[in-house]
Amino acid sequence: MEQHLITGRIGRSLIMFSLPMIAGNLLQQLYNVADTLIVGKTIGPTALSAVGSSYALMVLLTSIILGLCMGSSVVFSQLYGAKQIDDMKTSIFNSFVFIFILSLIINALAFLLLEQFIVWLNIPQEAIAFTRTYLKIIFTGMTFVSIYNFFACVLRSIGNTIVPLIFLAVAAITNIVLDLIFILCFDMGVAGAALATVVAQALSATCITVYFFYKARQICPTKRHMHYSKHLLYRIVNSSILTAIQQSIMNFGILMVQGLVNSFGFAASAAFAAVVKIDAFAYMPAQDFGNAFATFIAQNHGAGKADRIHQGALTAVKISSIFCLAASACVCLFAKPLMLLFVKAEETQIIQIGVQYLHIEGAFYVGIGVLFLLYGFYRGLGKSLISIVLTVISLGFRVVLAYTLSAIPTVGMLGIWWSVPIGWALADIFGIWFYYTQKSRLLTVMPIPYSPKEG
C-alpha cells in the first residue's frame with residue numbers, strides 16, 4: 001500500500017494520498033464528538049462544559065506527542081524519497097525509543113499537574129468534579145495515543161494512509177458503541193465517556209502495532225538496525241522537537257483562549273465546547289491535507305525535485321482554498337442546526353453564543369487552510385523553525401487581541417471570535433512573503449548524505 005509522491009500528476013497524487021488521512025482524522029474526531037454529543041444530550045450542559053474544557057487540555061498534551069511523531073515522519077519521508085531504506089529503519093528505531101520515553105514523562109506530568117490544570121482553565125465551579133473524573137481516566141490512555149500516532153506516521157511517510165484509516169474506523173465505532181453502553185445502560189456518566197475513549201484508543205494502538213510488525217516488514221527495523229545513531233537521532237530530535245513546539249504553541253494558545261472564554265461564565269463555556277467540535281470537523285480536512293502536503297514535500301525534497309515542489313505548492317493552495325470556501329458556506333448557513341446537535345433547543349443562550357462564533361470565525365476557513373499548507377511546506381523542507389514563527393504570529397496575535405478586545409465592555413466575547421481570523425491572516429501574509437523572498441534558497445534541494453553505520 002506504499003505510494004510514491006515523487007511521480008505522477010500532482011493534484012491527483014495529493015488528493016488520493018490525503019483522502020484516507022482526512023477520513024481517518026474525521027473518524028478520530030468522533031472520539032470527542034461522540035462524548036460531547038452523548039454527554040450533552042443525556043447528562044446535561046454541566047457535563048458538556050467539563051468534557052469541552054477537558055478536550056482543550058487533551059488536545060494540548062496529545063499535540064506534543066503528535067508533533068514529535070510528525071516531525072520524525074519528515075525524516076522518514078526524506079530518507080524514503082532518497083531510497084536510503086537502511087537509514088530509515090535505523091531512524092524508526094531511534095525515533096520510537098526517543099518518543100516513547102518523552103510520552104511517559106508527559107503522561108506522568110499530566111497526572112501530577114491535574115489540579116493545577118483545573119485552576120488554569122477557570123473551570124466553572126459546577127463542572128469541576130466532572131472535569132476531574134473525566135481527565136483522570138483520559139490520562140490513562142495517553143500511551144495508546146502515542147503508540148498509534150507513531151506507527152500511523154511511519155506508515156504515512158511511505159504513502160500508506162489506508163491502514164491507519166481502517167484501524168481508526170474500528171476504534172471510532174467501538175468508542176461510539178461503548179459510549180452508549182457505559183452512559184445509557186450502565187449510567188456511568190462522564191466516567192463512561194472517558195473509559196469508552198481509552199478502550200478505543202487501546203484497540204487502535206494494538207491493531208496498528210501488530211500490523212506494522214507483521215505486514216510492514218519492508219520498513220520494519222531488524223536487529224542490525226536497533227542501535228544508537230548519533231547522526232540520525234540528531235535529525236530526528238531537531239525535526240520532531242521543533243514540530244512538537246509548533247504544535248504545542250498552537251494548542252497552548254487555544255488553551256489560553258479556552259480559559260478566557262470560561263471566565264465569561266457557564267453558557268459561554270458550554271457553547272465553546274460545542275463550536276470547537278464543529279470547527280474540528282469543518283477544517284480538519286484542510287489540516288490533514290496540509291499534513292499530506294508535508295509528506296509530498298519531504299519525499300520530493302529527498303528525491304531532489306525542486307520544480308515539483310514549487311508546482312505542488314501552487315496546486316495545493318488551489319485545492320485547499322476550494323474546500324475551505326465550501327466548508328465556510330456550510331458552517332455559516334447551518335450554524336444553528338449544528339449547535340442543536342450538541343445542546344437542547346431550550347438552551348437558547350448557549351445556542352446564540354455558538355451561532356455568533358460560527359458566523360464570524362467560520363466565514364474565514366480559507367485563512368487557516370493556507371496556514372496549514374504553510375506549516376506542511378516548511379516542515380517538509382526541514383524548516384520547522386519557520387512553522388514555529390508562523391504559529392507564534394497566528395496564536396500570539398490571537399491571544400493578545402482576544403484578551404485586549406474582550407476587556408472592552410462594548411465588544412466582549414466578539415473580540416475573542418474576531419481575533420481568530422485576524423491571527424490566521426497575519427501568519428498567512430508572513431508565510432507567503434517569506435516564501436517569495438526566499439524561494440530560490442528554499443527550493444535549492446541538497447542531496448541527503450548517507451549516514452555511516454554507527455554502533
Cα centroid separation - segment 418-434 against segment 200-236, whole Å: 37
Cα pair distances of segment 259-418 binned at 10 Å [whole percent]: 11, 32, 31, 18, 7, 1
Disulfide-incompatible cysteines by the Cβ rule (no partner under 4.7 Å) in the chain: Cys185, Cys207, Cys220, Cys324, Cys330, Cys332
Cα-centred dipole magnitude for segment 184-317, charges only on beta-carbon of K, R (+1) and D, E (-1), debye, nearest 20: 820
Segment His310-Thr7, length gained on full extension (0.36 nm per residue, minus Cα span): 107.7 nm
Rh by Kirkwood over Cα pairs, then Stokes-Einstein D for segment 209-325 at 1.002 mPa s and 20 °C, µm²/s: 116
C-alpha center-to-center spacing [segment 282-335, segment 115-152] in angstrom: 31
Per-pair calculated FRET efficiency, R0 = 22 Å: Gln218 and Thr444 via Cβ, rounded to 0.05: 0.10
Within the chain, longest stretch free of exposed chymotrypsin sites (Phe, Trp or Tyr not before Pro) [DSSP loop, at most 16 other beta carbons within 10 Å]: 1-185
Axial C-alpha extent at least 27 Å, average Kyte-Doolittle at least 0.0 - helices from the chain (DSSP): 10-42, 45-81, 85-112, 189-215, 230-262, 266-303, 306-333, 384-406, 413-437
Principal axis dimensions, largest first and in whole angstrom, of segment 259-321 by Cα: 54, 20, 14
Kirkwood Rh in Å, taken over segment 43-120 so that all alpha-carbon pairs contribute: 14.9
Point-to-point label distance, Tyr234-Val97, nm (Cα→Cβ direction, 7 Å offset): 1.8
Semi-axis lengths, Å, segment 128-257, gyration tensor of Cα atoms, sqrt of 5 times eigenvalues: 32, 21, 12
Inter-probe distance in nm under a simple model that places probes 7 Å from Cα toward Cβ, at Thr140 and Trp120: 2.4
Principal axis dimensions, largest first and in whole angstrom, of segment 398-445 by Cα: 52, 13, 12
Length released on extending from Lys336 to Ile162, taking residue separation times 0.36 nm less the Cα-Cα span: 59.2 nm
The chain, Cα convex hull volume normalised per residue, Å³: 125
Entries in Lys305/Lys439; Lys277/Lys336; Lys83/Lys305; Lys277/Lys344; Lys230/Lys305; Lys383/Lys439 that, when Cα-Cα distance is taken, lie over 20 Å: Lys230/Lys305
Helix-only [θ]222 nm of the chain, DSSP H runs n ≥ 4, -39500 (n - 2.57) each, per residue, nearest 500: -28000 deg cm²/dmol
Range in the chain, longest, excluding exposed trypsin sites (Lys or Arg not before Pro) [loop by DSSP; at most 15 other beta-carbon atoms within 10 Å]: 84-216
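Each reported figure results from applying straightforward, stated rules to the coordinates on display, with no laboratory input. Remember, predicted model here, so these are calculated numbers, not experimental data. Neighbour counts are summed over all protein chains in view; Cβ atoms, including those assigned to glycine, are modelled from backbone coordinates with ideal geometry.
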